[in-house]
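Following: one structure in structure tokens, then a few remarks.
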Amino acid sequence: MKIVRVFAHRVDLPLVEGSYKWSGGKSVSIFDSTIVGVETDQGIVGYGEVCPLGPFYLPAYAEGVRAGLRELAPHCIGSDPRELGKLNHRMDAALKGHPYVKSGIDMACWDILGKVSGLPVCQLLGGRFGEQVRLYRAISQTPPDEMARNVANYKSEGYTRFQLKVGGDPDLDIQRIRQVREVLAPSDRLVADANTGWTQHEAMRVVRAVRDLDVYIEQPCLTYEECLAVRRNTDHPFVLDENVDGLDMLLRAKSDLAMDVVNLKISKLGGLTKTKQIRDLCVSMGIAMTLEDSWGGDITTAAIAHLAHSTPEEFRFTSTDFNSYVTVSNATGAPQRERGFMKASDAPGLGIEPRFELLGPRAVDIH
Ligand code: MG
């Protein structure tokens, strides 16, 4: 079986809440997502999705996905999409870095492998653990009262885990964490995610000011060294995200005991193949994970569900259902949240079919 065509469509994903705001005043109101299709000589087509969190979160941007595909896709034509290791080796030889560009092709080839074998991707990724996947809700950065109200509303919809977007003014952030913790039950989990937004001394003030509360601290500062300094001076459970962009950083952080939980995003790591490698290593090393992506719609959500559902439950800290944050459904068959949980599809592959009527013309078409 050979890849004969790689194509991509752009699709805009407006937010249900109107906008999404996080550290340093960063904000997005419409996400620009790319649906990637990989077609084989046997007529089977697999799909993936890549949606950076704007151009100012990770070193990734939406038009970069499409430009990168134009560069990379010609090197994939002729490869067997079922040979994921070989395909990734080829992509890494053809294009240095740019993991998010590779992610859509890799995801689409897992979809093909599932369709060819008649198995859902979660079974191919290791097997289905448990009945369902627990979700967290990301709470956009707004004044403390509003964030507490939003958390209470999402809690009434069944969520039990919440990720507060902090990393703003540290005094306001202390209020945000305090007011939100007040509306939660003791068993609810709260994460304060600064998304690199605090300087080291600000982070030290915040962790000391909320020391009496049950809250996880995620990626407080920009550099790994700053995060490590904060980690070594706090007893809150600690999550690393932006700094862990591959195996080297994961091993370094493990060796430094720099985290209790790590956030794995499929496109940050270069696709499902590389995320599976890191996920499996985390399981072996006893590190729990948030399994997700930077953003996306139905196809990304389906991929997250398969990745999370194939991870032993005790190592699944949280995942998220991005398709419920946006007003546009870009595919049928994607998981739908039920009382704070979702499930991976039983259908072969990712179990989705793009809604082509909503997608723009092909922005990339290499064959
Ligand atoms: Mg994070």
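Filtering segment 162-184 for residues that are within 24 Å of S319 (Cβ to Cβ) and more than 26 Å from the chain's Cα centre (by Cα) leaves a non-empty set.
The strands (runs of 3 or more DSSP E) falling completely within segment 16-84 include none with 2 or more residues that are closer than 30 Å to K2 by Cα, assigned by TED's automatic domain parsing to the domain that holds G167 and in contact with a His (Cβ under 8 Å, 6 or more places away or on another chain).
Every condition in (1) within 24 Å of L164 (Cβ to Cβ); (2) touching a Pro at 6+ places or on another chain (Cβ under 8 Å) holds for V328 except the one numbered (1). Looking only at segment 243-258, residues that are within 14 Å of the ligand (Cβ to nearest atom) and either buried (at least 22 other Cβ atoms within 10 Å of the Cβ) or modelled with pLDDT under 95 (or both) come to 2 in all. Only one of the numbered conditions (1) under 20 Å from the mean Cα position of the chain (by Cα); (2) touching a residue at least 60 places away in the same chain (Cβ under 8 Å) is violated by V116, and that is (1). A single entry from A60, A93, A67, A108 fulfils the requirement of being modelled with pLDDT under 95 and of a type in the set (G, A, S): A60.
Taken over segment 175-218, the criterion of being under 24 Å from F56 (Cβ atoms), without any contact (Cβ under 8 Å) to a residue 40 or more places away in the chain and among the polar types (S, T, N, Q) is satisfied by T199, Q200. All conditions but one from (1) part of a strand (DSSP E or B); (2) crowded, with 22+ Cβ neighbours inside 10 Å; (3) of a type outside the set (G, A, S) apply to D12; the one that does not is (2).
For segment 33-50, indicate whether the set of residues that are surrounded by fewer than 22 Cβ atoms within 10 Å (Cβ to Cβ), closer than 24 Å to N263 by Cβ and out of contact with any Leu (no Cβ under 6 Å at 6 or more places or on another chain) is non-empty.
Taking segment 33-50 and keeping what is surrounded by fewer than 22 Cβ atoms within 10 Å (Cβ to Cβ), we get 39-45.
Okay, now just the ones that are also closer than 24 Å to N263 by Cβ, so none.
No, because not a single residue in segment 33-50 is surrounded by fewer than 22 Cβ atoms within 10 Å (Cβ to Cβ), closer than 24 Å to N263 by Cβ and out of contact with any Leu (no Cβ under 6 Å at 6 or more places or on another chain).
Checking each residue in segment 347-367 for being in contact with a Gly (Cβ under 6 Å, 6 or more places away or on another chain) and either of a type in the set (V, I, T) or modelled with pLDDT under 95 (or both) picks out only I352.
When segment 213-229 is filtered for residues that are more than 15 Å from the ligand (Cβ to nearest atom), of a type in the set (A, V, I, L, M, F, W, C) and under 19 Å from L164 (Cβ atoms), only L213 remains. Of the residues that make up segment 118-140, is at least one more than 16 Å from the ligand (Cβ to nearest atom), under 30 Å from A62 (Cα atoms) and out of contact with any helix residue (DSSP H, G or I) (no Cβ under 8 Å at 6 or more places or on another chain)? Yes; the residues of segment 118-140 include at least one that is more than 16 Å from the ligand (Cβ to nearest atom), under 30 Å from A62 (Cα atoms) and out of contact with any helix residue (DSSP H, G or I) (no Cβ under 8 Å at 6 or more places or on another chain). Against the numbered list (1) of a type outside the set (D, E); (2) closer than 20 Å to F317 by Cα; (3) buried (at least 24 other Cβ atoms within 10 Å of the Cβ), W198 comes up short only at (2). Of the strands (runs of 3 or more DSSP E) lying entirely inside segment 279-367, those carrying at least 2 residues that are within 16 Å of the ligand (Cβ to nearest atom) and crowded, with 24+ Cβ neighbours inside 10 Å are 288-292, 316-319. With respect to (1) in contact with a Pro (Cβ under 8 Å, 6 or more places away or on another chain); (2) surrounded by 20 or more Cβ atoms within 10 Å (Cβ to Cβ), the lone exception for F162 is condition (1).
The values are calculated or read from the model by the stated rules, or taken from the named source; none is laboratory data. Everything quoted here is computed from the prediction, not taken from an experiment. Please note: Cβ atoms are built from the backbone with ideal geometry, for glycine as well, and neighbour counts cover all protein chains shown.
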